[in-house]
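Trainee: First the structure, then my questions, so here it is.
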Amino acid sequence: MSLLVVGLSHRSAPVSVLERAALTADAQAKLLQDTLATEPAAEAAVLATCNRIELYADVDKFHAGVAELSTLLARHAGAGLEELTPYLYVHYEDRAVHHLFSVACGLDSMVVGEGQILGQIKDALARSQELHTAGRLLNDLFQSALRVGKRAHSETGIDRAGQSLVSFGLEQLAENAPSGDGAADAPSGSGTSVEDWAKGKRALVIGAGSMSSLAAATLARAGVAEIAVANRTRSRAERLVEILGQPGGTGVAARALPIAEATDELPRADIVVSCTGATGLVLPAQAIEEATAGRAARPLALLDLAMPRDIDAAAHRLDHVHLVDIESLAAASADAPMAADVERVQHIVAQEVDAFGAAQRAAHITPTVVALRTMAADVVAAETARLHGRLPGLGEREFAEITQTVRRVVDKLLHAPTVRVKQLASEPGGAGYADALRTLFDLDPQTVAAVSRADASSTDDPNRGRS
């Protein structure tokens, strides 16, 4: 079996296509289940964020796997395969490992170096574990990716380059904020800090998931006067409000409201951040226009972090409204971060890809080595039993010494070949050594398979990696 990833991201597709292909949580679960139901795939995981949709699978046939995964991705995204195909990328085996490790380090993010992707990778692993679609390979892969991402952030200065989409989006709003004096929405000038811009303003946060919660906390720390949280599930909005108002927290005035009242809240708001899983628009342009009528002295700043979008793109054309969305963030993130830090992270990724590949290849031969040693032990047991039958007068002490001597001889004969074959198998192109070992020693394939199954079952704990 071999690792395959098929996906699309902000680097391969325009935002309009990403928006069209966005997957709800239910669609992701169904995609995982349907992937496992296909012939080429034995394991599956989905990494879906606001700027990427990727399907990982352990497949036994490359071409059939690419065709099946592409078809499933398009079907569950509600898009035609011919529509997605020009934007899909495919990575296989070591290239697939390299891709996920790069993603985990923030090298492939819209804002290079951002650390929020690690939480999203962790969520993707947890989802596939809960649905029992991740086996040994994907468990190892995703847990290794999390470790590599943490290593990159701790050993390099990539954090200096990286931000979350929330902080980056708020910076874009602050740096390009209208002056508010009615002068054709002239920008107030670059260099305005989020704190200076947000202080004393009223904020509306739509959604109560991880991105919206981060936005609410960021705005609270920036000094907004109050935050209204609107969400489909009122209890989740109330929980976020409770967290914001906890002793020792931000101390911001916060309140919860149903998402149906979000448009009613617009006339009071100065800043709106929206990130929901809705399939339709949460804030139509007409509602925004009505809410901002006659408020030239108090422009409205909108940050849309949802995919598909929550806020009507037509709001770009409204007077006294400044909208930043995924598309404009992609354009603004073109500035290169510190090249030296990126280069160091790339070196870490290359090291870790080599180490992961070596470990996987070595693990591939382990069942064969175990089966060989098991066969040798059986031969020793059979021959010493036969000797005991032929020499019934042999004392127990003498028999034990003979048995131990035979075992030592066999162990010494097997030690060098088995150590060497593990070393060779861990190198690129070393997969054939397991087959050679099975052929040379005439090992029963069923015995090797049984060892593999026993080993896999001991590592398929669905709670692995949830630290």
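Trainee: Please list 3J(HN,Hα) in residue order for the stretch 109-123, calculated via the Karplus relation 6.51 cos²θ - 1.76 cosθ + 1.60 where θ = phi - 60°; whole Hz, with x for glycine and proline.
Mentor: So the J values, rounded to whole Hz, are 7, 4, 9, 4, x, 5, x, 5, 4, 4, x, 6, 5, 4, 5.
Trainee: Taking 41 Å as R0, compute the FRET efficiency from the Cβ-Cβ separation of Asp319 and Arg234 and round it to 0.05.
Mentor: On the way: r = 34 Å, r/R0 = 0.82.
It comes out at approximately 0.75.
Trainee: Given 25 °C and 0.890 mPa s, how large is the Stokes-Einstein diffusion coefficient of the stretch 7-76 in µm²/s, with Rh as the Kirkwood radius over Cα pairs?
Mentor: Details: Rh = 12.2 Å.
Using the Kirkwood radius from Cα pairs, D works out to 201 µm²/s.
Trainee: For Phe441 and Asp34, compute 0.36 nm times the residue count separating them, minus their Cα-Cα distance, and round to one decimal in nm. Write out the running numbers ahead of the final one.
Mentor: Numbers: separation 407, 0.36 × 407 = 146.52 nm, distance 4.01 nm.
Value of the extension gain: 142.5 nm.
Trainee: Now, a different point. Based on the Cα atoms of the chain, what semi-axes does the equivalent ellipsoid have, where each is the square root of 5 times one gyration tensor eigenvalue, given in whole Å with the largest first? Kindly include the intermediate steps, with their values, before the conclusion.
Mentor: On the way: eigenvalues 661, 94, 81 Å².
They are 57, 22, 20 Å, listed largest first.
Trainee: OK, next. Could you order Tyr56, Tyr89, Tyr433 so the one with the most accessible surface comes first? Probe is 1.4 Å. Numbers along the way, then the final one.
Mentor: Values: Tyr56 0, Tyr89 35, Tyr433 85 Å².
Result, largest first: Tyr433, Tyr89, Tyr56.
Trainee: If you take the square roots of the eigenvalues of the alpha-carbon gyration tensor of the stretch 289-384 and sort them as a ≥ b ≥ c, do you get rounded (a/c under 1.5), prolate (a/b over b/c) or oblate?
Mentor: Details: a/c = 8.15, a/b = 3.28, b/c = 2.49.
It is prolate, given that a/c is not under 1.5 and a/b is the larger ratio.
Trainee: So, one more: Taking a quarter of the surface of the Cα convex hull of the stretch 57-138, what do you get in nm²? All intermediate terms of the calculation are to be shown ahead of the outcome.
Mentor: On the way: hull surface 25.3 nm².
Computing the convex hull of the Cα atoms and averaging its projections yields 6.3 nm².
Trainee: How do Met375, Met110 stack up against each other in accessible area, from largest to smallest, with a 1.4 angstrom probe? Don't skip to the end; give the middle numbers.
Mentor: On the way: Met375 65, Met110 10 Å².
Ranked list, largest accessible area first: Met375, Met110.
Trainee: Evaluated at 4 °C with a viscosity of 1.567 mPa s, what Stokes-Einstein diffusion coefficient in µm²/s does the stretch 54-93 have when Rh comes from the Kirkwood expression over alpha-carbon pairs?
Mentor: On the way: Rh = 10.5 Å.
Taking Rh from Cα pairs, D becomes 123 µm²/s.
Trainee: Over the stretch 28-139, what relative contact order in percent results from Cα pairs under 8 Å that are six or more residues apart? Could you put the intermediate results ahead of the total?
Mentor: Working: 120 pairs, mean separation 36.6, N = 112.
33 percent.
Trainee: Sticking with this one: Given bins 10 angstrom wide, list per bin the percent of all Cα-Cα distances in the stretch 212-338, short to long.
Mentor: 12, 41, 35, 11, 1
Trainee: Additional query: Accessible area per residue of the chain at 1.4 Å probe, in Å²? Walk me through the numbers before you get to the answer.
Mentor: On the way: 21600 Å² over 467 residues.
Ligands and nucleic acids excluded, the result is 46 Å² per residue.
Trainee: Here's a follow-up. Need the list of aspartates and glutamates near Lys122 for cross-linking: C-alpha distance under 17 angstrom, and skip anything on the same chain fewer than eight residues off.
Mentor: Glu43, Glu54, Asp108, Glu114, Glu130, Asp140, Asp460, Asp461
Trainee: Something else now. Give me the percent of DSSP beta bridges within the chain that run antiparallel, rounded to the nearest 5.
Mentor: On the way: 21 of 46 bridges.
Of the beta bridges lying entirely in the chain, close to 45 percent run antiparallel.
Trainee: Continuing with this model, one more query. In whole Hz, what ³J(HN,Hα) sequence does the stretch 432-444 give by Karplus (6.51, -1.76, 1.60; θ = phi - 60°), x for Gly and Pro?
Mentor: Result, ordered by residue: x, 5, 5, 4, 5, 5, 4, 6, 4, 9, 6, 6, 6 Hz.
Trainee: Then there's this: Throw me the Rg/Rh for the stretch 221-274, computed over C-alpha atoms with Kirkwood Rh, two decimals.
Mentor: Numbers: Rg = 11.1 Å, Rh = 11.6 Å.
Taking Rg over the Kirkwood Rh, I get 0.96.
Trainee: To continue, here is another question. By how many nm would the segment from Gln351 to Ile402 grow when fully extended, if each residue of separation counts as 0.36 nm and the alpha-carbon distance is taken off?
Mentor: On the way: separation 51, 0.36 × 51 = 18.36 nm, distance 4.78 nm.
Length difference between fully extended and current span is 13.6 nm.
Trainee: For a Förster distance of 45 Å, can you work out the FRET efficiency between the beta-carbons of Ala296 and Tyr89, rounded to the nearest 0.05?
Mentor: Working: r = 46 Å, r/R0 = 1.02.
Efficiency at R0 = 45 Å is approximately 0.45.
The values are calculated or read from the model by the stated rules, or taken from the named source; none is laboratory data. Everything quoted here is computed from the prediction, not taken from an experiment. Cβ coordinates were reconstructed from backbone atoms using ideal geometry, including for glycine residues, and neighbour counts include every protein chain displayed. These accessible areas exclude ligands, DNA and RNA; they are computed on the full protein's heavy atoms, side chains included. Shrake-Rupley method; radii C 1.70, N 1.55, O 1.52, S 1.80 Å.
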